[in-house]
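What follows is one structure encoded as structure tokens, with my remarks underneath.
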Amino acid sequence: MKTLYVETTPARFLAVQALRGLWPGVLWSRLSTLQYREMTPPAPPAGWVHVKNHQGGICGSDLHLIFLDADLGVHPALLPGSTRKYLGHELVGHVLEAPPDSGFKPGDRVIRQMRTGGGSCLAHGLEPCGPCRAGHYHQCERTGLPDSIGGGLSDELYLPAGGLMAVPGDLADAQAVLVEPAACAIHGVLRAPPGPGETVLVYGAGTIAYFVLQVLRIVCPDCRITAIAEFPFQEDMARRCGADEVWLAHDDLLARTAERTGGRVVTGRANRRTLLGGFDRIYDCVGVAATLGLSLRLARARGTVILIGVALKPLTLDLTPVWYNEVNLVGSVSFAVEEWRGERIRDYDIAIRWMREGRLKTEGFVTHRLPLERYREAILAAVRKASSRSVKVVLEMGKG
Ligand SMILES: [Zn+2]
Ligand SMILES: [Zn+2]
């Protein structure tokens, strides 16, 4: 198995953090938390499915792990789990071997539909815990469930049958590899969907934000949607995905929001400014202190901010809008089961349905395709967006 993983032992974590100021190359060295190996995989638990991976997308959360943009004291880092994190959870491949009662057979095309860090009762075919029973299997309360062996950035992997999903024949690999981020975007929008005619802001212009824009257009055709991009090259795609207008992050966002929503900019002490009025609803698809702090500021009183982007570390930001303006701050993570227009349906099923119907478009999402061995180039393309103009970077392992 050729595989890319992060070894999050405190010793490696601290070594890389201490050394990389002087020696940036430590990240690619043998001392690093990041490891690329060709190895014999450990024996999988009985009943697991063996998958040949075709391609895997690099997600922002993979990049946080790779670059140790993380804190070992945050809630998810304190939950039990293996210190070895196989990178990549957006993938499409085919089954090599599967137990007869697994529901899969060799050759079936599959995607992973299992949260990272061990999945859930449902993925492992266990008696469901409270959250799993309610369909919130992304919040499974079982601990110590074994995660997949290998991930999306490996050429093969092993996982329980419940962590896989068959791909319909008319869904191309290029679409299937994007089902996971599409499902995350659907879950994010359905956590707090807009009402008719609302003014909506999508902060960010990457894979998740582009899907959020498309989902908003489906859920609320008459909403007025603004997107904030970091770079000019992202504007066109944001428009094609449904934004009525696109601003750049360095624009005067308070003034533009006031103008857009009928609000008012107020200048206070030391010429510092704030806003009265603002957007009804804001989806922060970046999730760093600057974007979340500003999102709370750009929401109207009693408006809603949905946090979709993830930070794996504590943030310092002004939370006063949450109490003073009674702004609702709603979190969102991965995907689950939704109540959607009278249907109880998985985000994955909605994503696949909308892709097949042509309502969720994926053209232009994958900007870089590189073989697994060129992972360094791929990772750098994913982080250096200004020069690479990347949206989604995909590592390819071939189908053979
Ligand atoms: Zn992801
Ligand atoms: Zn559970």
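Listed values, structure above:
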| item | result |
| --- | --- |
| Stokes-Einstein D (µm²/s) once Rh is taken as the Kirkwood radius of segment 225-324 over alpha-carbon pairs, at 10 °C in 1.306 mPa s | 112 µm²/s |
| Cleavage-rule hits (GluC sites (Glu not before Pro)) in segment 137-199: DSSP loop, at most 16 neighbouring Cβ within 10 angstrom | Glu141 |
| Sparse-neighbour loop sites [GluC sites (Glu not before Pro); segment 312-400; at most 13 other C-beta within 10 Å; DSSP] | Glu326, Glu357, Glu363 |
| Residue range of the chain that is longest and free of trypsin sites (Lys or Arg not before Pro) which are both DSSP loop and sparsely packed (at most 14 other C-beta within 10 Å) | 31-271 |
| Among beta bridges that DSSP assigns inside the chain, antiparallel share in %, nearest 5 | 60 percent |
| Alpha carbon centroid spacing (whole Å) that separates segment 315-370 from segment 283-309 | 14 Å |
| The chain: most fluctuating residue of Leu19, Leu253, Leu315 per GNM, C-alpha cutoff 10 Å | Leu19 |
| Relative contact order computed over the chain (Cα-Cα under 8 Å; 6+ residues apart), in percent | 16 percent |
| Cα-centred dipole magnitude for segment 182-331, charges only on beta-carbon of K, R (+1) and D, E (-1), debye, nearest 20 | 340 debye |
| Inter-label distance for Ala270 and Leu78, nm, one decimal - labels placed 7 Å from Cα along Cα-to-Cβ | 3.3 nm |
| Nitroxide proxy distance, nm - points 7 Å out along Cα→Cβ at Arg142 and Glu97 | 2.3 nm |
| Unit charges at the beta carbon, dipole of segment 182-331: most positive-side option, Thr257, Val310, Asn325 | Asn325 |
| Heavy-atom accessible surface of segment 182-331: percent carbon and sulfur, 1.4 Å | 52 percent |
| Debye, to nearest 20: dipole size of the chain, +1 on Lys, Arg Cβ, -1 on Asp, Glu Cβ | 640 debye |
| Nearest-ten-degree value, helix 289-298 long axis tilted from longest Cα axis of the chain | 40 degrees |
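The values are calculated or read from the model by the stated rules, or taken from the named source; none is laboratory data. Not measured: the values here are computed from a predicted model. Positions of Cβ are generated from backbone atoms using ideal geometry, with glycine treated the same way; all protein chains shown enter the neighbour counts. Accessible surface is based on the protein model in full, side chains and every heavy atom, while ligands, DNA and RNA are left aside. Shrake-Rupley method; radii C 1.70, N 1.55, O 1.52, S 1.80 Å.
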